[in-house]
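S.K.: The structure that follows is given in the form of structure tokens.
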Amino acid sequence: MALKMPEPDGDVLRSRTLIAQAMRTIVGAEAVIEHTDELIAYETDGLTAYRQPPLLVVLPKSTEEVSAILGWCGARGVRVVPRGAGTSLSGGALPLQDAVLIGMARMNRILEIDLANRVAVVQPGVTNLAVTQAVQAHGLFYAPDPSSQIACTIGGNVAENSGGVHCLKYGLTTHNVLGATLVLTSGEVVALGGGRALDGPGYDLLGVVIGSEGLLGVVTEVVVRLTPAPEEIRAALLGFPNVEAAARTVTDIMAAGIVPAGLEMMDKPAIHAAEAFVNAGYPLDAEALLIVELDGPAAECDQLLTAVCAIARANGVTTERTAADAPERARFWAGRKAAFPAVGRLSPDYYCMDGTIPRRALPEVLRRTTAMSHACGLKVANVFHAGDGNLHPLILYDANTPGDLEKAEAFGADILRLCVEMGGVLTGEHGVGVEKRDLMPVMFTADDLEQQQRLKQAFDPDLLLNPGKVFPTLHRCAELGRVHVHAGQLPFPHLPRF
């Protein structure tokens with residue numbers, strides 16, 4: 001016997017007024033949004049091809065309020081979707097029309113900066129960049145730096161295990177978070193991790209929660225690690241006559257034992273779009289561009305920069321520039337940081353993919369991606385974290401052309417299957433969400449997925465948190481407590497698209 005989730009037009013939807021009244025007693029009338037025209041602002045996240053207004057939105061400002069919300073909803077079987085800044089590119093914060101959406105935007109305070117222990121305690125609504133801005137006067141910074149760092153929040157970074165251009169040397173979110181406060185669907189509040197210590201006793205539940213995409217609980221406080229700013233930062237801009245030469249340079253740099261702070265790659269369409277957008281001084285005759293940043297003691301930076309440039313020359317570099325000062329280095333990065341919006345100049349719409357491959361596979365994957373682009377008739381621009389093999393192909397399409405979106409999605413799915421075929425994974429930092437949900441069986445067996453779902457049940461026994469994300473269509477057998485995962489169905493088939 002399967003326990004079925006409520007249909008969108010069922011009892012939960014008809015009880016909107018009752019739920020809203022209860023939420024107002026917890027967070028106040030001004031923090032509950034229930035009118036249809038106001039809910040439109042929450043109907044999608046960065047994966048804008050899918051849209052669905054939530055039942056209502058609640059905006060708590062404390063752990064206690066989150067606990068009360070989840071406790072009330074959990075006791076009544078009301079589904080809940082947590083949302084940070086809504087920058088997820090995989091539909092991770094996509095609402096449901098019979099679920100309460102908990103927006104974390106009001107929980108935006110830095111609670112403590114502990115310089116002695118090099119940590120900060122922050123609420124989940126604090127933006128990524130705000131952490132660095134708060135501590136840079138003390139010679140510290142927060143290392144993970146997604147391209148959306150001016151807007152994305154720490155809570156969302158924890159949910160997706162976000163990275164950024166400097167994660168090659170400094171690690172992902174999981175390497176830079178020491179502790180978190182988590183609220184379960186029962187309303188219970190638990191502390192995870194070692195707090196301000198490097199490690200804590202017992203199971204590594206913090207490691208389980210980071211990257212769990214809001215399926216296990218709602219994070220309300222995070223202890224982040226602060227890193228000392230390096231003595232020196234040097235950057236090189238390297239242009240190549242073809243993508244293969246740039247890819248070989250990436251693998252040769254890493255094989256030489258050099259670990260740059262950042263090692264990014266862009267192909268010709270992305271180079272032209274970024275240059276037109278920010279005037280960074282990129283070489284327009286290059287087929288591929290590398291940005292290599294090295295940091296540390298000045299003497300070490302000079303030595304490594306010389307070695308990197310020698311490797312580039314051995315691979316036929318055609319443009320070789322090193323930043324003379326910090327402003328020029330910032331211009332190098334400006335185009336890369338703005339590459340996603342810049343590509344919007346090339347097409348009415350684009351579909352941003354996220355997959356990871358072994359570095360040695362870069363040339364073949366890029367060649368086969370180009371072949372797939374020609375075969376399906378959609379262009380693609382490539383911008384990615386080359387040092388750790390995290391690809392971000394941007395598939396160009398026009399949503400007003402019938403069938404274009406479907407072709408873009410099929411092309412994207414083929415790229416992700418290729419990543420797995422080459423020994424990689426379905427995602428590097430954007431998460432699975434709804435975008436890659438039905439591709440999970442490409443990478444995992446049915447037994448793998450069942451065990452992962454058992455873990456979710458340990459935190460969320462009634463499957464109330466962020467349902468419909470990550471796992472293919474599932475149900476739970478009540479008599480066995482077992483979860484069965486089925487593939488091949490569209491995520492959110494009722495959702496209207498552009």
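S.K.: Looking at the range 396-412, which of the residues that are buried (at least 20 other Cβ atoms within 10 Å of the Cβ) and in contact with a helix residue (DSSP H, G or I) (Cβ under 8 Å, 6 or more places away or on another chain) is farthest from THR369 (Cα to Cα)?
M.R.: Among them, the one singled out is TYR397.
S.K.: Quick test for you: out of LEU47, LEU94, LEU59, pick the one residue that is open to solvent by less than 50 Å² (accessible area, probe 1.4 Å), touching a Gly at 6+ places or on another chain (Cβ under 9 Å) and modelled with pLDDT under 95.
M.R.: LEU47 is the lone residue from the list that is open to solvent by less than 50 Å² (accessible area, probe 1.4 Å), touching a Gly at 6+ places or on another chain (Cβ under 9 Å) and modelled with pLDDT under 95.
S.K.: Hey, another quick one. Could you identify the single residue in PHE498, PHE459 that is modelled with pLDDT of 95 or more and of a type outside the set (Val, Ile, Thr)?
M.R.: Details: PHE498 fails: modelled with pLDDT of 95 or more.
Going through PHE498, PHE459 in turn, the sole match is PHE459.
S.K.: Among what's in the range 113-128 and is assigned to a strand (DSSP E or B) and open to solvent by 10 Å² or more (accessible area, probe 1.4 Å), pick the residue that is nearest to GLY163 (Cα to Cα).
M.R.: For the range 113-128, the residue satisfying everything is THR127.
S.K.: Using beta carbons and a limit of 6 Å, which pairs, at least six apart or on different chains, have the first residue in the range 102-116 and closer than 12 Å to VAL222 by Cβ and the second one open to solvent by 70 Å² or more (accessible area, probe 1.4 Å)?
M.R.: As it stands, the answer is MET107/LYS61, since those pairs meet every condition given.
S.K.: Would you point out which residue out of ARG313, ARG329 is touching a residue at least 40 places away in the same chain (Cβ under 8 Å) and open to solvent by 30 Å² or more (accessible area, probe 1.4 Å)?
M.R.: Details: ARG313 fails: touching a residue at least 40 places away in the same chain (Cβ under 8 Å).
Checking each option against the conditions leaves just ARG329.
S.K.: Tell me, please, whether a residue that is in contact (Cβ under 8 Å) with a residue 60 or more places away in the chain and in a helix (DSSP H, G or I) can be found in the range 80-89.
M.R.: Looking through the range 80-89, none of the residues is in contact (Cβ under 8 Å) with a residue 60 or more places away in the chain and in a helix (DSSP H, G or I).
S.K.: Would you pick out the residues in the range 248-268 that are of a type in the set (A, V, I, L, M, F, W, C), more than 24 Å from the chain's Cα centre (by Cα) and open to solvent by less than 40 Å² (accessible area, probe 1.4 Å)?
M.R.: The first filter runs over the range 248-268 and keeps only residues of a type in the set (A, V, I, L, M, F, W, C), leaving 250, 253-256, 258-259, 261, 263, 265-266.
Within this subset, residues satisfying the condition of being more than 24 Å from the chain's Cα centre (by Cα) are 253-256, 258.
Within the range 248-268, ILE253, MET254, ILE258 qualify.
S.K.: For residues that are more than 26 Å from GLY71 (Cα to Cα) and in a helix (DSSP H, G or I), tally how many sit in the range 146-176.
M.R.: Counting residues in the range 146-176 that are more than 26 Å from GLY71 (Cα to Cα) and in a helix (DSSP H, G or I) gives 7.
S.K.: Determine which member of the set ALA276, ALA197 is in a loop (DSSP other than H, G, I, E, B), touching a residue at least 12 places away in the same chain (Cβ under 8 Å) and open to solvent by 10 Å² or more (accessible area, probe 1.4 Å).
M.R.: Numbers: ALA276 fails: in a loop (DSSP other than H, G, I, E, B).
Testing whether each residue is in a loop (DSSP other than H, G, I, E, B), touching a residue at least 12 places away in the same chain (Cβ under 8 Å) and open to solvent by 10 Å² or more (accessible area, probe 1.4 Å) leaves just ALA197.
S.K.: Looking at ASP460, ASP447, ASP438, ASP404, which is the one that is in contact with a strand residue (DSSP E or B) (Cβ under 9 Å, 6 or more places away or on another chain) and among the charged types (D, E, K, R)? Quick ask: steps written out before the conclusion?
M.R.: On the way: ASP460 fails: in contact with a strand residue (DSSP E or B) (Cβ under 9 Å, 6 or more places away or on another chain); ASP447 fails: in contact with a strand residue (DSSP E or B) (Cβ under 9 Å, 6 or more places away or on another chain); ASP438 fails: in contact with a strand residue (DSSP E or B) (Cβ under 9 Å, 6 or more places away or on another chain).
One residue alone meets the criteria, ASP404.
S.K.: If the requirement is being over 30 Å from LEU416 (Cβ atoms) and assigned to a helix (DSSP H, G or I), which of these qualifies: ALA371, ALA330?
M.R.: Details: ALA371 fails: over 30 Å from LEU416 (Cβ atoms).
Exactly one of ALA371, ALA330 is over 30 Å from LEU416 (Cβ atoms) and assigned to a helix (DSSP H, G or I), namely ALA330.
S.K.: Select, from ARG225, ARG196, the only residue that is of a type in the set (D, E, K, R), modelled with pLDDT of 95 or more and within 27 Å of LEU115 (Cα to Cα).
M.R.: Values: ARG196 fails: modelled with pLDDT of 95 or more.
Step by step, each of ARG225, ARG196 is checked, and only ARG225 is of a type in the set (D, E, K, R), modelled with pLDDT of 95 or more and within 27 Å of LEU115 (Cα to Cα).
S.K.: Taking GLY281 and the conditions (1) assigned to a helix (DSSP H, G or I); (2) on the phi > 0 side of the Ramachandran plot, which numbered condition does it fall short on, given that it satisfies the others?
M.R.: (1)
S.K.: Assess whether GLY179 counts as being modelled with pLDDT of 95 or more and in a strand (DSSP E or B).
M.R.: Numbers: modelled with pLDDT of 95 or more: yes; in a strand (DSSP E or B): yes.
Judged against the criteria, GLY179 is a match.
S.K.: Now a separate question. For PHE411, are the conditions met, namely being part of a helix (DSSP H, G or I) and of a type in the set (Phe, Trp, Tyr)? Working first, answer last.
M.R.: Values: part of a helix (DSSP H, G or I): yes; of a type in the set (Phe, Trp, Tyr): yes.
Criteria met by PHE411.
S.K.: Next up: Give the range 114-125 a look and list any residue that's hydrophobic (A, V, I, L, M, F, W, C) and more than 14 Å from VAL177 (Cα to Cα), or say none. Explain how you work it out, then say what you get.
M.R.: So in the range 114-125, the residues hydrophobic (A, V, I, L, M, F, W, C) come out as 115-116, 119-122.
Listed by number, the residues that qualify are LEU115, ALA116.
S.K.: Count, please, the residues in the range 180-194 that happen to be open to solvent by less than 40 Å² (accessible area, probe 1.4 Å), within 15 Å of VAL222 (Cα to Cα) and over 22 Å from the mean Cα position of the chain (by Cα). So that I can check it myself, show each step before the final result.
M.R.: So the first thing to find is which residues in the range 180-194 are open to solvent by less than 40 Å² (accessible area, probe 1.4 Å), and the list is 180-185, 187, 192, 194.
Keeping just the survivors that are within 15 Å of VAL222 (Cα to Cα) gives 180-183, 192, 194.
Then drop every residue that is not over 22 Å from the mean Cα position of the chain (by Cα), which leaves 194.
Matching residues across the range 180-194 total 1.
S.K.: Taking VAL131, is it open to solvent by less than 10 Å² (accessible area, probe 1.4 Å), in contact with a strand residue (DSSP E or B) (Cβ under 9 Å, 6 or more places away or on another chain), among the hydrophobic types (A, V, I, L, M, F, W, C) and not in a strand (DSSP E or B)?
M.R.: So VAL131 fits the description; yes.
S.K.: Please verify whether the range 341-350 includes one or more residues that are aromatic (Phe, Trp, Tyr), modelled with pLDDT of 90 or more, touching an Asp or Glu at 6+ places or on another chain (Cβ under 8 Å) and buried (at least 20 other Cβ atoms within 10 Å of the Cβ). If you could, list the steps in order and put the result at the bottom.
M.R.: To start, the set of residues in the range 341-350 that are aromatic (Phe, Trp, Tyr) comprises 350.
Retained after the next criterion (residues that are modelled with pLDDT of 90 or more): 350.
With touching an Asp or Glu at 6+ places or on another chain (Cβ under 8 Å) added as a condition, the list becomes none.
So far as the range 341-350 goes, no, none of its residues is aromatic (Phe, Trp, Tyr), modelled with pLDDT of 90 or more, touching an Asp or Glu at 6+ places or on another chain (Cβ under 8 Å) and buried (at least 20 other Cβ atoms within 10 Å of the Cβ).
S.K.: Kindly provide the set of residues from the range 208-241 that are open to solvent by 10 Å² or more (accessible area, probe 1.4 Å) and assigned to a helix (DSSP H, G or I), ordered by number.
M.R.: Matches in the range 208-241: VAL208 only.
S.K.: Still on this structure: Looking at the structure I just gave you, is HIS430 in contact with a Phe, Trp or Tyr (Cβ under 8 Å, 6 or more places away or on another chain) and at pLDDT below 95? Write out each step before concluding.
M.R.: Details: in contact with a Phe, Trp or Tyr (Cβ under 8 Å, 6 or more places away or on another chain): no; at pLDDT below 95: yes.
No, not satisfied.
S.K.: From the list GLU300, GLU244, GLU320, exactly one residue is of a type outside the set (Phe, Trp, Tyr), assigned to a helix (DSSP H, G or I) and surrounded by fewer than 18 Cβ atoms within 10 Å (Cβ to Cβ). Which is it?
M.R.: On the way: GLU244 fails: surrounded by fewer than 18 Cβ atoms within 10 Å (Cβ to Cβ); GLU320 fails: assigned to a helix (DSSP H, G or I).
Going through GLU300, GLU244, GLU320 in turn, the sole match is GLU300.
S.K.: Would you point out the residue of the range 322-354, among those that are within 20 Å of GLY46 (Cβ to Cβ) and among the charged types (D, E, K, R), that is farthest from the chain's Cα centre (by Cα)? Break it down into steps so the answer makes sense when it comes.
M.R.: Taking the range 322-354 first, the residues within 20 Å of GLY46 (Cβ to Cβ) are 336-354.
From what's left, among the charged types (D, E, K, R): 336-337, 345, 349, 354.
Values: ARG336: 17, LYS337: 15, ARG345: 23, ASP349: 20, ASP354: 9 Å.
If we take residues in the range 322-354 being within 20 Å of GLY46 (Cβ to Cβ) and among the charged types (D, E, K, R), then ARG345 is farthest from the chain's Cα centre (by Cα).
The values are calculated or read from the model by the stated rules, or taken from the named source; none is laboratory data. A quick note: this is a predicted structure, and the numbers were derived from the prediction, not measured. Cβ atoms come from the backbone with ideal geometry, glycine included; neighbour counts cover every protein chain shown. The accessibility values were calculated without ligands, DNA or RNA, using every heavy atom of the protein model including side chains. Shrake-Rupley method; radii C 1.70, N 1.55, O 1.52, S 1.80 Å.
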